[in-house]
Amino acid sequence: MDFKGFTNEDFDVFKIDGLDERMEALIQTVRPKLEQLGERFASDLSGMTGEEMYAHVAKHARRSVNPPKDTWVAFAANKRGYKMMPHFQIGLWETHAFAWFAVIYESPVKDQYGAELAKNWIKLRSGIPDHFVWSADHTKPEVFIQKDLSEDDFRKMFERLQTIKKAELLCGIKIERVDAVKMNGKEFTDKIEETFNTLLPLYTIAQKAALSKNFT
């Protein structure tokens, strides 16, 4: 079945109280759509990156008390997992949908990636639209709009990635809920495809960092 887009019912899942109740709703309403997106974009990203990319739909299996506040499908060049790898994500919070390229705290190439970003930032920035957003913590919905960040802000983010064990860096788009529910499946996937193409240079830089550390 083709992806038809997200609805208010999908976003309202995050209003449901209780871990079991919210997980049941996620499994029934949102996860099938994430699986559809996973099948579509694993193929697309394999073509974009030249590597076989695998989709990993969030299972939230480690949760025992608190219900998830967001959910996602991630894409990485590793069949077993994505958290250690440079990866792409598509997902939802109650307030918005998102599409990211991410290097999170479990990645062993964060320091090299931060250094490569700092070295190549002037060239990279020209290819990233000012409405794109950045995050230093994938567990929080707050983001920074690129146009509001100074060169010093970016320098500090790249330095932090090199020096702080728990540092992360994500870049992508935020689609407000009110806009996301108006988009049909093709409009949404076209937007994600455009976003991932824009973020591809960041993936290339991360792969260079991985090769410099002999990690692939």
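From the P(r) of the range 1-160, could you give the percentage of C-alpha pairs in the tail past 18 Å? Mind showing how you got there, number by number?
Working: 8181 of 12720 pairs.
Roughly 64 percent, rounded to a whole number.
Tell me, what is the 1.4 Å probe accessible area of GLU94, in Å² to the nearest 10?
Rounded to the nearest 10, the figure is 70 Å².
Under the Karplus relation 6.51 cos²θ - 1.76 cosθ + 1.60, θ = phi - 60°, what is the ordered set of whole-Hz ³J(HN,Hα) values for the range 7-15, x standing for Gly and Pro?
10, 4, 4, 5, 5, 5, 3, 7, 8
Gap in Å between the Cα centre of the range 13-31 and the Cα centre of the range 177-214?
After rounding, the separation between the Cα centres reads 26 Å.
List, largest first, the extents of the alpha carbons of the range 85-216 along their principal axes, each in whole Å.
43, 30, 27
Roughly how far apart, in whole Å, are the Cα centres of the range 80-103 and the range 106-124?
18
With a cut-off of 18 Å, note down the residues of the range 172-214 whose backbone N falls inside the zone around a label point 7 Å from the Cα of ASP153 toward its beta carbon.
Only 172-175 pass the distance filter.
Taking each pair of distinct Cα atoms in the range 19-82 once, what is the resulting Kirkwood hydrodynamic radius in Å? Walk me through the intermediate numbers first.
Working: mean 1/r = 0.0795 Å⁻¹.
Over the range 19-82, the inverse of the mean reciprocal pair distance is 12.6 Å.
Along the Cα→Cβ direction, 7 angstrom out, place labels at ILE145 and VAL178. What is the inter-label distance in nm?
1.4
Dipole magnitude of the range 151-216 about its Cα centre, charges +1 at Lys/Arg Cβ and -1 at Asp/Glu Cβ only, in debye to the nearest 20? Don't skip to the end; give the middle numbers.
Numbers: 12 positive and 11 negative charges, 78 e Å.
The calculated dipole for the range 151-216 is roughly 380 debye.
Using the Cα atoms of the range 74-145, I'd like the radius of gyration and the largest Cα-Cα distance, Dmax, both in angstrom.
When restricted to the Cα atoms of the range 74-145, Rg and Dmax are 13.2, 36 Å.
The values are calculated or read from the model by the stated rules, or taken from the named source; none is laboratory data. No experiment lies behind these values; they were computed from the predicted model shown. For neighbour counting, all protein chains shown are included, and Cβ atoms are generated from backbone atoms with ideal geometry for every residue, glycine included. These accessible areas exclude ligands, DNA and RNA; they are computed on the full protein's heavy atoms, side chains included. Shrake-Rupley method; radii C 1.70, N 1.55, O 1.52, S 1.80 Å.
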